[in-house]
Amino acid sequence: MTPRPEPTPSGRRGVSRPAAVALLAAIYLLTLASLDAWDLAAGLLVGAAIVIGLERFLFEAPPLPARVLASRAARLPAYALVVGWEVVRGTWQVALVVAGVKRLRRPGIVAVPVGERSATGVAVTALTITLSPGELYVDTDEERGVMLIHVLDATDPDAVRDRFQHTYDRFQRKVFP
């Protein structure tokens, strides 16, 4: 049995796990534009999997002060633009390789330091890396403190590391540390 959420410092209770599953299922149904019973069942399963898999991120973190949330929200559009640019850049690079205009030189895995990223920051970095064609988050080696990223061109791993660190320092850290 799931315990009721503890009151936050502001006195408000967080969203319960069943409510989170229901909200995620509703988003799933809206995305499909469907009210079919099988789609509802699938949405509930997906919602439950997300709540279970991300429970420690969704339910245990103390709420952030309003000024921090406002600051992060204000910086989110710039970060979204940078992620969008990375998707366009990656799409262009993959298209050049697929069309035979550019030769596939040396694909490989680059170890990118986690650095000051929180667990949420690592998850966001992994997600945004995987959004861009030509790059794929593989794993995090916690012992070495690195994220393993597969890239199309690993001929200069330091340049790859510098690019990811620059994006984190300049844009992501301000939104998802």
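Values in this text are rule-based calculations from the coordinates and carry no lab data. Predicted, not measured: the structure shown is a model, and the values here were computed from it. Ideal geometry is used to build each Cβ from the backbone, glycine not excepted, and the neighbour counts take in all protein chains shown.
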Fluctuation leader among Thr31, Thr91, Thr120 - the chain, Gaussian network, Cα springs under 10 angstrom: Thr31
Net charge contributed by nearby residues that have their C-beta within less than 12 Å of Gln165 (K/R +1, D/E -1): +1
Candidates Asp162, Asp39, Asp141: whichever shows maximal mean-square fluctuation once the chain is modelled as a Gaussian network with Cα springs under 10 Å: Asp39
Cα gyration tensor, the stretch 137-177 - rounded (a/c under 1.5), prolate or oblate: oblate
Virtual spin-label span in nm between Ala42 and Glu143, 7 Å along Cα→Cβ: 4.0 nm
Prolate/oblate/rounded call for the stretch 75-172, Cα gyration tensor, a/c under 1.5 rounded: oblate
Sparse-neighbour loop sites [chymotrypsin sites (Phe, Trp or Tyr not before Pro); the stretch 77-140; at most 10 other C-beta within 10 Å; DSSP]: none
Cβ-based net charge around Thr128, under 10 Å, with every Lys or Arg adding one and every Asp or Glu removing one: -2
Listed residues Pro77, Pro65, Pro133, most fluctuating in the chain (Gaussian network, C-alpha, under 10 Å): Pro65
The stretch 27-116: C-alpha gyration tensor shape, a/c 1.5 cut-off, then a/b vs b/c: oblate
Restricting the stretch 100-145 to GluC sites (Glu not before Pro) in coil, as DSSP defines it, with at most 16 other Cβ within 10 Å: Glu116, Glu142, Glu143
At R0 = 35 Å, FRET efficiency that the Cβ-Cβ distance of Ala78 and Arg106 yields, to 0.05: 0.65
Extension reserve of the Leu96-Ala123 stretch, reckoned as 0.36 nm per residue once the Cα distance is removed: 6.8 nm
Spacing of the two label points (7 Å from each Cα toward its C-beta) at Leu131 and Ala154, in nm: 2.5 nm
Cβ-Cβ FRET estimate between Ser71 and Ala22, R0 fixed at 22 Å, reported to 0.05: 0.10
